[in-house]
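Shown next, in structure tokens, is the structure this report addresses.
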Amino acid sequence: MYAERVLSGMRPTGSLHLGHYHGVLKNWIELQHEYPCLFFVADWHALTTQYDNPQGIEKASMDMVVDWLAAGVDPNQATLFVQSRVPEHAELHLLMSMMTPLSWLERVPTYKDQQEKLAGKDLTTYGFLGYPLLMSADILIYRADKVPVGEDQIPHVEFTRELARRFNHMYGREPGFEDKAREAVKKLGSKKARLYEEMRTRFQQNGDREAIEQAKAVLDEVQHLSMADRERLFGYLEGTGKMILVEPGYLLTEASKMPGLDGQKMSKSYNNTITMRESEESVAKKVKSMPTDPARARRTDPGDPAKCPVWQLHLVYSNDACKEWVQQGCRTAGIGCIECKQPVIDGILREQAPMRERAQVYLDDPTLVKNIIADGCEKAREYARETMRDVRESMGLEYN
Ligand code: TRP
Ligand code: SF4
């Protein structure tokens, strides 16, 4: 019913690593070719756990955006922005907080999980409890129907769906809805209006779903309708009220299989990462000091790649011929570990080369990044304002 729209956000954690690249960014880059995409820096979300030390957030945000651009997120295709620069998120968050049952928030699995995980930190705050609600506002304000998230975030999208339903149920019947809908029908022009009315009758009298689809197709052809009128016409068609907020769907991003330097998943908290723009020397040094199969204490001892984290990286970076060379050489002690690591180093550097190149442009001229963000925020705000107009109106807060 709406133009398909993708929205995703990332907390500013500073420089991103190759796990982010393989797990999230490559996915975003594919999506940006397929849909209108909005990607944002969730800087307020960082405050939910980092409220006592907010100083680094701005720099971390900018570094992260440079990494997005370095990876190939294209500001001409996707809209990139910073959450705190679109204050409408806060307004929607506040308004929804009035109708969000506390128990719904307390039940979100990450609430207790994170408190346990970050036990050293006082997370008995209002902001932390409300964090899923803030995420809901992020999503609903853009009426995004596709939210790419990792598995851990799915409950938040489900929560968002429930809230949207609750909201529409509570406020979906705007005063004078029928009159406004009839006015909107007139705006279709006489021919399309007649078609629309016909389909509406067919659906309301006979429950003919086909008629709904046809009427929707008619509405899709009309360019000049405002978003509000379009929604009224959809609502009027099906005999529901106005759907003010859209229940989002999610696109599950597969968990990153990117192994870290120690064979565990690459993660900042395991201290086993290679950053996206890590210097060449540092990449070489890190890979060279990776642990290998402990059975290969001496060069002449044969080993087993299955027991070696370096092999995990060959699976990501090496072609079949190289992998065969590793299997053979390792098992027969035909190659040494230093030799074995070289193609991995080469593979990582090859992957990073275009990223480094793209990033350099932005590092040389940081105003480019600022301008991209400023443009993105402007665009995002237009969408957000439109939703907020409808939200305020539906809640009786229009004052005009
Ligand atoms: N909560 C997400 C995370 O921690 C980040 C996020 C905030 C987000 N708002 C969002 C993701 C909206 C998708 C959509 O990873
Ligand atoms: Fe690991 Fe390669 Fe050494 Fe085998 S030869 S133990 S796969 S680094």
Exercise for review: Could you figure out which of (1) part of a loop (DSSP other than H, G, I, E, B); (2) at pLDDT below 95 isn't true of Pro12?
Suggested key: (2)
Point to revise | Every residue from region 189-226 that is of a type in the set (Ser, Thr, Tyr), exposed (fewer than 12 other Cβ atoms within 10 Å of the Cβ) and outside any helix (DSSP H, G or I) | key: none
**Study point:** Residue selected from region 335-373 under the condition of a type in the set (Gly, Ala, Ser) and surrounded by 13 or more Cβ atoms within 10 Å (Cβ to Cβ), by the criterion nearest to Asp67 (Cα to Cα)
**Key:** Ala359
Exercise for review: Give the residue, chosen from Leu134, Leu105, that is in the same structural domain as Gln50 (by TED's automatic domain parsing), within 28 Å of Leu38 (Cα to Cα), part of a helix (DSSP H, G or I) and under 20 Å from the mean Cα position of the chain (by Cα).
Suggested key: Leu134
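To keep it simple, each residue is scored yes or no on (1) in contact with a Pro (Cβ under 7 Å, 6 or more places away or on another chain); (2) at pLDDT below 90.
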| site | (1), (2) |
| --- | --- |
| Glu91 | no, no |
| Leu95 | no, no |
| Pro101 | no, no |
| Ala119 | no, yes |
| Leu123 | no, no |
| His156 | yes, no |
| Arg165 | no, yes |
| Ser190 | no, no |
Review point. Is it the case that some residue within region 122-138 is within 21 Å of Ser269 (Cβ to Cβ) and away from ligand 1 (no atom under 13 Å from the Cβ)?
Key: yes
Review point. Here are some residues: Trp28, Trp44. Which one is touching a Cys at 6+ places or on another chain (Cβ under 9 Å) and either in contact (Cβ under 8 Å) with a residue 12 or more places away in the chain or not in a loop (DSSP other than H, G, I, E, B) (or both)?
Key: Trp28
Exercise for review: Of all residues in region 61-92, count the ones that are in contact with a Lys or Arg (Cβ under 9 Å, 6 or more places away or on another chain) and in contact (Cβ under 8 Å) with a residue 12 or more places away in the chain.
Suggested key: 14
Exercise for review: Could you list all residues from region 326-339 that are free of Cβ contacts under 8 Å to residues at least 40 places away in the same chain, among the hydrophobic types (A, V, I, L, M, F, W, C) and in contact with a helix residue (DSSP H, G or I) (Cβ under 8 Å, 6 or more places away or on another chain)?
Suggested key: Val326, Cys330, Ile335
Review point. Out of (1) β-branched (Val, Ile, Thr); (2) touching a helix residue (DSSP H, G or I) at 6+ places or on another chain (Cβ under 6 Å); (3) surrounded by fewer than 18 Cβ atoms within 10 Å (Cβ to Cβ), what's the single condition that is false for Thr300?
Key: (2)
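The values are calculated or read from the model by the stated rules, or taken from the named source; none is laboratory data. The structure displayed is predicted, hence computed values, not measured ones. All Cβ positions, glycine included, derive from the backbone under ideal geometry; neighbour counts span all protein chains shown.
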